[in-house]
Amino acid sequence: MLEGKTIIVTGCSSGIGAETARLIKQYGGTVIGVDRNETSENVDTFFQADLSSKESIDKLADQLPKGANGLASIAGVPPTAPADTVIRVNLVGLKYLNSKLVDGLADGASIVNLASLAGAGWQNAVDQIKDAEGLDFDGVEDFVERHKIAESQGRSYFFAKEALVVWTMQNRWTWRDRGIRMNAVSPGAVETPILQDFLDTLGKKAEESRKVMDRWGTPEDVAPVVVFLLSDMTPWIRGVNIPVDGGQVANVLCNMNGL
Ligand code: NAI
């Protein structure tokens, strides 16, 4: 399915990123892994970088080979990290890396952003999202302060993922003349090293959602959807956010609408 394709995978050293890298190789692709933590597993080449830092991303972009057929932006930090860091890694750094790499991607490349169920409520945050459109590394502290983001538990994470879902939709046709598409995948709670961070942040909400769920997700539930979007089977899927959440979005929508 991915024979002859080279895919850049950020967050390749753990959890969903590691499983995605493993699956890309299983399907015949070549993996260029990026993470702050070094690994030699599931990757053909590895580049260490801190995706919360502009300087580190600049250095990384200079080193990465041109011509990749895909970029899976999976690296992320949980809501227990400081608000500035969450927005830097999960939104500003991701967008900045994308801007540095997209010209060098092969025509027809697929870009997949790892968003989250936490981004599903973006319609309620449109003004905040618009205010973050041109947000760069230097502006993050001020943005967090202005929107009182650190004052509400987990808001940094929810905001970053909401903005990521919206940015993915906004880029539905940005590189259409080159056949480059961008989509997002939004998992519910997944058993990785950061699951407990989510449960701690969500508190009662997490308990309630556990009650209606048969189980948490696993990286093996999520990675195949990322790989599907990276493959040549999906050229007309553009600007879409695919929930991989055991039915949680459907459950909320049905309940909300009395269905
Ligand atoms: P994980 O902690 O297992 O993997 C995240 C990877 O990103 C790690 O290898 C980490 O070193 C890397 N990373 C973090 N900050 C970095 C930085 N500044 N520079 C470079 N690399 C960095 O977590 P998991 O669960 O696999 O998360 C992957 C993505 O999935 C994240 O974007 C997360 O927000 C998202 N997600 C996770 C869910 C879950 O319940 N585990 C649910 C929904 C979305």
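What follows draws every value from the coordinates through simple rules; no lab data is involved. Not measured: the values here are computed from a predicted model. Note: ideal-geometry Cβ built from the backbone for every residue, glycine included; neighbour counts use all protein chains shown.
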Checklist entry - Of all trypsin sites (Lys or Arg not before Pro) in the stretch 88-196, which ones are in loop regions per DSSP and have a Cβ with at most 10 other Cβ atoms within 10 Å? => result Lys148
Item to check | Average Cα contact separation per residue, the stretch 101-255, under 8 Å, 6 or more apart, as relative contact order % | outcome: 34
Checklist entry - Taking the chain as a Gaussian network, where each spring joins two C-alpha atoms under 10 Å apart, which residue of Trp173, Trp122, Trp236 fluctuates the most? => result Trp236
Checklist entry - Summing +1 for each Lys or Arg and -1 for each Asp or Glu, what net charge is found among the other residues whose Cβ lies under 14 Å from the Cβ of Arg215? => result -3
Checklist entry - Using the Cβ atoms and a cut-off under 14 Å, what net charge is assigned to the surroundings of Asp50, where Lys and Arg are +1 and Asp and Glu are -1? => result -1
Checklist entry - Are any of the pairs Lys161/Lys205; Lys25/Lys161; Lys148/Lys204; Lys95/Lys161; Lys54/Lys205; Lys100/Lys148 more than 24 Å apart by Cα-Cα distance, and if so, which? => result Lys25/Lys161; Lys54/Lys205; Lys100/Lys148
Checklist entry - What distance in nm separates the simple spin-label points at Asp142 and Cys254, each placed 7 Å from Cα in the Cβ direction? => result 4.7
Item to check | Low-density loop cleavage sites - GluC sites (Glu not before Pro) in the stretch 75-169, where at most 12 other Cβ are within 10 Å (DSSP) | outcome: Glu133
Checklist entry - Just from its helices, what would the mean residue ellipticity at 222 nm be for the chain, if runs of 4 or more DSSP H residues each count -39500 (n - 2.57) and the sum is divided by every residue, rounded to the nearest 500 deg cm²/dmol? => result -11000 deg cm²/dmol
